[in-house]
1. Nearest 10 degrees, 0 to 90: what angle lies between the long axis of helix 261-271 and the longest principal axis of the chain (Cα atoms)?
2. I'd like the distance between the alpha-carbon centres of segment 162-204 and segment 219-267, rounded to an integer number of Å.
3. Multiplying the sequence separation of SER172 and ASP311 by 0.36 nm and subtracting their Cα-Cα distance, what value in nm do you get?
4. Hey, what did the chain get for relative contact order, percent, Cα under 8 Å, at least 6 apart?
5. What is the helix-to-structure angle for 87-100, meaning the angle in degrees between its Cα long axis and the longest Cα principal axis of the chain, kept from 0 to 90 and rounded to the nearest 10?
6. Grab the DSSP H runs of the chain that are 4 residues or longer, score each as -39,500 (n - 2.57), total them, divide by all residues and round the 222 nm result to the nearest 500 deg cm²/dmol.
7. Under 1.5 on a/c is rounded, so check that first for segment 256-376, then, if it is not, pick prolate when a/b is larger than b/c and oblate when it is not; a ≥ b ≥ c are the square roots of the alpha carbon gyration tensor eigenvalues.
8. Between LYS21 and LYS99, 0.36 nm times their residue separation minus their Cα-Cα distance comes to what?
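Every read-out reported here was derived from the displayed coordinates using simple, explicitly stated rules and does not represent laboratory data. Every value quoted in this text rests on a predicted model; they were computed, and no experiment measured them. Please note: Cβ atoms are built from the backbone with ideal geometry, for glycine as well, and neighbour counts cover all protein chains shown.
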Amino acid sequence: MNESSLNEYTDQTKLHILSQKVMDKFENLLDLLDINLKYSRKMYYGCCPVHGGDKYNALNIFHTGNTYRGNWKCHTLQCEKYFKPTVLGFIRGILSHQKYNWKGPSDKSISFNETIKFVLNFLDEDYSAIQINQKEIERNKFVKTTDILNVKNKQGHITRKQIRNALSIPASYYLNRGYSKQILDEYDVGLCNNPKKQMFNRVVVPIYDDNYKYMIGCTGRSVFEKCPQCHSWHNPTLECNKVSKWKHSDGFEGTNYLYNYWKAKKHIANNRIAIVVESPGNVWRLEESGINNSVGLFGTALSVGQKVLLDSSGALSLILLMDNDDAGQRAIQAIKEQCNNTYYIHTLNFQCNDVGEMSIEQINNELRPQIDKIKEI
């Protein structure tokens, strides 16, 4: 195999082909790197091998998709922001941890050039000999774009009435966290008591279609707190068991939807402002305060599918109300980079860790004056 120069590693089409070949042999790659990840229908998951984390489900790397197989996310430190959310960036991050004990952005990492040499050696490929099938690449791009543009047309078949009959509403877990009965009832937030159901012992948060008629998916929060032994959210009366804090229903892709879009869209269209928050709890607190144009990301990253929804909402300005932590600040910076050419971007100052922790009085005193000022611009 011929050694390639640095300049030869800038061809994005060839790098895309290399990425797909790596994903075709991904389990062989994991064996070579001595990485243990679990397989599911759409992803591999486990502890993040890039920063050496111990949270069992912090790392997701997706093995499905026409053009984006190998995109990944570290839910603890967002390691993909430093190494890029591609399988090549994933490999670079792992090699950096294994060679230099990389744990954060100030630590030494291996070069992209070294990464590609490792990949070429793993695949037994000659970079200069890689053949480009431009017709197939364009077809994949078209399919992916079509999927994204059509995703919001997905229809569910479970009605609100069926959801409400299946849950214990309002959920006492969120009542104890200070949310009102009225807001939890309005958003159909309740406990699943049925041990035969996927969401048993979770507070279920339904996500509805644009017409607010059918549930297209749901996410559920474990009613238990983190176990100090296994760092999971299982029943403390039972043996340690790997239970995630949040869990989406089967088939629901949170990256393709915005929580509360079904209610917020008319308010966004009216005042041309969308308030972007991380979680449903932040939406509920704003709604309790009479602020009706917020949508939730189900996390800290704005996906391509979610941006498509925002672009179709009529918003001219985005107010980024992310959590007051390092992850929230990184999210703000990333969204600014994504959206600066499309929207006027605003951020707000507040004292609590997140909007959900604020009282209605605090929101009225700290956030509302800033929001009103933005409306006047």
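1. The angle comes out near 80 degrees.
2. Their Cα centres are 13 Å away from one another.
3. 46.4 nm
4. With pairs under 8 Å counted, the relative contact order is 9 percent.
5. With rounding to tens, the tilt is 80 degrees.
6. -10500 deg cm²/dmol
7. rounded
8. Result: 25.7 nm gained on full extension.
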